[in-house]
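What follows is one structure encoded as structure tokens, with my remarks underneath.
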There are 2 protein chains.
Amino acid sequence: MAIKLSDTERASLIRDCPAWTHDSERDALTRTVKFTDFNAAFGFMTRIAMQAEKLDHHPEWSNVYNSVTVTLTTHDVDGLSNKDCDMTRFIDALVDGSANS
Amino acid sequence: MAIKLSDTERASLIRDCPAWTHDSERDALTRTVKFTDFNAAFGFMTRIAMQAEKLDHHPEWSNVYNSVTVTLTTHDVDGLSNKDCDMTRFIDALVDGSANS
């Protein structure tokens, strides 16, 4: 179950996610990642898609060739939740390469 | 190589693609498809992604849970090309189920 972040938890998440932009109106986080080509971009999306199914928490996202833009928020709680924390960590680890092993 | 459509070819493509919306300013076609859930939506995207690699022609697209919006145009020719014809046919066949066999 998704639990909406408290103000302190939200501030902490935003501080821990310097690569993400916080939209305070929607209470959502957005990150754009660029790859060498479409193949790499879609591989990244596929790994996120499988994690999204596992967590039952799905991003809003778009892709144009080598660029992927991911937006995270939790509709059930109308803002950021613990599930978004999990997902930002997963995505940041993918980008950093630390989820490759 | 992508070849830009003539006015006659463009009119014919638009007529053959009633599920798609033509943006005349960008000379692009857009279709939104809704599925039962994210799993089905991402499966659809995966099939398109592999075809896109095969044709070396990639969509601009977005996904929110069970909904996928695909936009096709050809940057190299600054508008619709023969590659967009191939891709609309592929996508329409996927949606119709005739690409499942």
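Computed from phi, the 3J(HN,Hα) profile of the stretch B:6-20 under the Karplus parametrisation 6.51, -1.76, 1.60 (θ = phi - 60°) reads 6, 4, 5, 5, 4, 4, 5, 4, 4, 5, 7, 10, x, 7, 9 Hz, with x in place of Gly and Pro.
Can you pull out the buried accessible area for chains A and B, both sides counted, probe 1.4 Å, rounded to the nearest 100 Å²?
1400
Helix B:38-55 axis versus longest C-alpha principal axis of chain B: approximately 40°, rounded to the nearest ten. Chain A residue nearest by beta-carbon to the axis mapping A to B, with distance in Å: A:62, 2. Across the protein assembly as shown, Cα-Cα distances exceeding 24 Å account for 45% of all pairs.
Overall, chain B carries a charge dipole of about 260 debye about its Cα centre when +1 sits on the Cβ of Lys and Arg and -1 on the Cβ of Asp and Glu, all other atoms neutral.
Dividing the summed helix terms, -39500 (n - 2.57) for each DSSP H run of n ≥ 4, by the number of residues in chain A produces a 222 nm estimate of -14000 deg cm²/dmol to the nearest 500. Rg and Dmax of the stretch A:1-60, based on Cα coordinates, read 13.7, 39 Å. Normalising the average separation of contacting C-alpha pairs (under 8 angstrom, six or more residues apart) by the number of residues puts the relative contact order of the stretch B:1-70 at 29 percent.
For the protein assembly as shown, the number of Lys pairs with C-alpha atoms closer than 18 Å, counting only pairs eight or more positions apart or on separate chains, is 4. Label points for residue B:50 are taken 7 Å from Cα along Cα→Cβ. From this copy to the others they lie 1.5 nm apart, shortest first. The apolar share of the surface of the protein assembly as shown, taken as the fraction of accessible area on carbon and sulfur atoms (1.4 Å probe, ligands and nucleic acids excluded), comes to 49 percent.
For the stretch A:25-101, the set of trypsin sites (Lys or Arg not before Pro) satisfying both a DSSP loop assignment and a count of at most 15 other C-beta atoms within 10 Å is given as A:26.
Computed over the stretch B:55-101, the range of Cα coordinates on each principal axis works out to 31, 26, 14 Å, biggest value leading.
In this structure residue B:50 has an accessible area near 130 Å², from a 1.4 Å probe over the protein heavy atoms. Backbone amide hydrogens, once placed in the peptide plane, bring residue B:81 within less than 5 Å of B:5, B:74, excluding anything fewer than 5 places away on its chain.
Above 24 Å lies some portion of the pair distances; for chain B, what is it as a whole percent of all C-alpha pairs? Taking all Cα-Cα pairs of chain B, the fraction more than 24 Å apart is 18 percent. Between copies, the label points of residue A:21, set 7 Å from Cα on the Cα→Cβ line, lie 2.3 nm apart, reported in increasing order to one decimal in nanometres. Highest mobility in the GNM of chain B, judged by mean-square fluctuation with C-alpha springs under 10 Å and restricted to B:14, B:91, B:48, is found for B:14.
The values are calculated or read from the model by the stated rules, or taken from the named source; none is laboratory data. Nothing here was measured: the structure is a model prediction, and the numbers come from that model. Cβ coordinates were reconstructed from backbone atoms using ideal geometry, including for glycine residues, and neighbour counts include every protein chain displayed. Note: accessible area is taken over every heavy atom of the protein model, side chains too, but ligands, DNA and RNA are not part of it. Shrake-Rupley method; radii C 1.70, N 1.55, O 1.52, S 1.80 Å.
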